[in-house]
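Just so you know, all these numbers are worked out from the coordinates, no wet-lab data involved. Just so it is clear, the model here is predicted, and its values are computed rather than measured. Using ideal geometry, Cβ is built from the backbone for each residue, glycine included, and neighbour counts are taken over all protein chains shown.
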Amino acid sequence: MPGTAPRTRFVLPVSGLEVRLRPPTGREDLLLAEADAPDAALALTLARRLGRVEGGAWGALPACDLDALVLRLRQMLIGDRVLADVTCRAPGCGSRIDISFSIISYLAYHRPYSVPLKRPGWSAAPAADAPGGVGPLPAAERR
Ligand SMILES: [Zn+2]
């Protein structure tokens, strides 16, 4: 089982870039308090203010990396365990549903992985400038 200690330094799952998070100040607290609803623009603003990413700019990174940053920020400030208590919205149901998971485990489970680029009937090759530092294929796999 992966460690559950909050980390202020971590690697983004898709781009592979390293991030250093700093704790929010009252300015970021106000941003969150004044937001109508969570959205990508708010997440991007928080990322730019709190996350220093080495070798990249937040606006150019995949949305999945922004999601990971928001989860890591939540983990750093509140803790690794996410607990939610919701009510089923199906007509006539109203059952109570408890949700509980670890952020570290969630990110590990959803970590991107590579699949073979050759399948019967088609082929693909990574771009040299693909996110995550996917470089050229070894010579034996090139066509
Ligand atoms: Zn239900």
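Note on the chain: with charges restricted to the Cβ of Lys and Arg (+1) and Asp and Glu (-1), its dipole about the Cα centre is near 440 debye.
What distance in nm separates the two pseudo spin-label positions at residue 100 and residue 82, each 7 Å out from Cα along the beta-carbon direction? Label at residue 100, label at residue 82, 1.6 nm between them.
For the chain, the longest principal axis of the alpha carbon atoms and the long axis of helix 63-77 meet at an angle near 40°.
Segment 85-108 and segment 50-78 have Cα centres lying 24 Å from one another.
Sorting the segments 66-75, 29-38, 51-60, 9-18 by their residues' average number of neighbouring beta-carbon atoms within 10 angstrom, most packed first, yields 66-75, 9-18, 51-60, 29-38.
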